[in-house]
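Below: the structure, in structure tokens.
The values are calculated or read from the model by the stated rules, or taken from the named source; none is laboratory data. Predicted model, so just to flag it, every value in this text is computed and none were measured. Counting neighbours? That spans all protein chains shown, and the Cβs are built from the backbone with ideal geometry, glycine included. Surface accessibility is based on the protein's heavy atoms, side chains included, excluding ligands, DNA and RNA. Shrake-Rupley method; radii C 1.70, N 1.55, O 1.52, S 1.80 Å.
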Amino acid sequence: MKFVCSKSNLVTGLQIVSKAVPNKTTMSILECILVDATEGVIKFIANDMELGIQTVVDGDIVDRGFVAIDAKIFFDIVRKLPDSEVTIESDENSKVTITCGKAKFNLLGRNGEDFTYLPPIEKIDGVAVSQFTLRSVIQQTIFSIAENDSNKMMSGELFEISEDNLKLCSLDGHRISIRKVKLAASYPYKKVVVPGKTLGDISKILSDSTTSMVNIYFTDKHILFEFEKTIVVSRLIEGEYFNIDQMLSSDYETKMSINRKEFLECIDRATLLVKEGDKKPVIISIVEGKMELKINSTIGSMDEEISIEKQGKDLMIGFNPKFLIDALRVIEDETIDVYLVNPKAPCFIRDKDANYTYLVLPVNFTTVD
């Protein structure tokens, strides 16, 4: 195998597929990237058996062939090469030579036949959504995924398609994040649970293009994302997702309308007095015309008021400030509506059309004087 391409194309390709290279594995071949130039295009492939990514790299093929190269060494070398044309070749013993200008590296690769290609996915009933939209809804929900795997379902996101609606939902036991977007066409009903890692990796690859589309295909066990020159295949999390509708309520005793940016900045200032790992709540008092936010920690205390529009009862309630900040940062609306029942019940932040819903559970607190 032998091909020539620019350093920038190599770096881009390696950045994309490296997300499917496992940090730890007992199978050393999975630590490699397959360079496949057997079919007239240069493909980079990585596969950790749960997530697989393939992308096409622009370049000129001199001799067709394939070889597997240790991902970390390959990427480290390419990143530090001069900004010039790079020649990569391998011989029948999988010895790899990387040449750029006066720099030359020799590596021992692996036989490409040892590598596991991505599972074939039949492309039926594909769903099309813009890269910008998919990236946005992922970023607006993914922070609510549970960080540990004690409950497998909480480590994934519900991915639901109903006619011309796409809904993503995540929860971690303390909060729920839901985003709904309109699709340009109507599609058959699909409901799957996609690993959070997969969606996080995809969101880092997708562009902010509103015209470049992602085509999404499903099987019983896999989901495939296809966009530009890249294919991402991921195993699905098997099982029934939580009944989210049972957790949502339209009942409320108190409703406040508040400037989102002011609310976010106020909570952000309050967290200056919270040490890393400290679980001090922010205490919010809602009365006619204003919301008062207090926090009291070992470092000091803070008290601030924000003007609001209130309907219903006065209320005092405590929250983990991080959970509020995460939700407020991804909402675009200038003014938001917050619905509350009592100090023990979850609060809801949602718009009138329910395009977004954020549920946050309150926390116990002691009154700050």
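Summary table below
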{"quantity": "Rounded, prolate or oblate (a/c below 1.5 giving rounded, otherwise prolate when a/b exceeds b/c) for region 283-339 by Cα gyration tensor", "calculated": "oblate"}
{"quantity": "Helix 196-205 axis, angle to the chain major axis (alpha carbon atoms, nearest 10°)", "calculated": "70"}
{"quantity": "Portion, in percent, of the accessible area of the chain that falls on carbon or sulfur, probe 1.4 Å", "calculated": "46"}
{"quantity": "Computed lengthening from Asp314 to Asp60, 0.36 nm per intervening residue step minus Cα-Cα distance", "calculated": "84.5 nm"}
{"quantity": "Percentage relative contact order, the chain, counting C-alpha pairs under 8 Å, at least six apart", "calculated": "13"}
{"quantity": "Hits among lysines - C-alpha to C-alpha of Lys313 under 23 Å, sequence gap 8 or more where chains match", "calculated": "Lys255, Lys290, Lys294, Lys344, Lys352"}
{"quantity": "With DNA, RNA and ligands ignored, accessible area of Lys197 (1.4 Å probe; Å², nearest 10)", "calculated": "110"}
{"quantity": "Within the chain: Cβ-based charge dipole about Cα centre, in debye rounded to nearest 20 (Lys, Arg +1; Asp, Glu -1)", "calculated": "480"}
{"quantity": "Per residue, the convex hull volume that the Cα atoms of the chain enclose (Å³)", "calculated": "169"}
{"quantity": "Theoretical FRET efficiency, 1/(1+(r/R0)^6), r = Cβ-Cβ of Glu253 and Arg329, R0 25 Å, to 0.05", "calculated": "0.40"}
{"quantity": "Largest to smallest principal axis extent of the C-alpha atoms in region 72-114, angstrom", "calculated": "32, 19, 13"}
{"quantity": "Karplus-derived 3J(HN,Hα), 6.51/-1.76/1.60, for each residue of region 74-89, Hz, glycine and proline x", "calculated": "4, 5, 4, 5, 4, 4, 9, 6, x, 6, 7, 5, 10, 10, 10, 9"}
{"quantity": "Loop trypsin sites (Lys or Arg not before Pro), region 82-116, which have at most 12 other Cβ atoms in a 10 Å radius of their Cβ (DSSP)", "calculated": "Lys102"}
{"quantity": "Neighbour-limited loop hits for GluC sites (Glu not before Pro), region 144-179 (at most 15 other Cβ within 10 Å; DSSP other than H, G, I, E, B)", "calculated": "Glu147"}
{"quantity": "Cross-link pairs Lys19/Lys204; Lys19/Lys123; Lys72/Lys104; Lys152/Lys191 - those with Cα-Cα distance over 20 Å", "calculated": "Lys19/Lys123"}
{"quantity": "Principal axis box of region 1-90, alpha-carbon based, largest edge first, Å", "calculated": "34, 28, 19"}
{"quantity": "Percent RCO, i.e. relative contact order, over region 209-273, from Cα pairs under 8 Å lying at least 6 residues apart", "calculated": "17"}
{"quantity": "Per-residue [θ]222 nm for the chain (sum of -39500 (n - 2.57) over DSSP H runs n ≥ 4, rounded to 500)", "calculated": "-5000 deg cm²/dmol"}
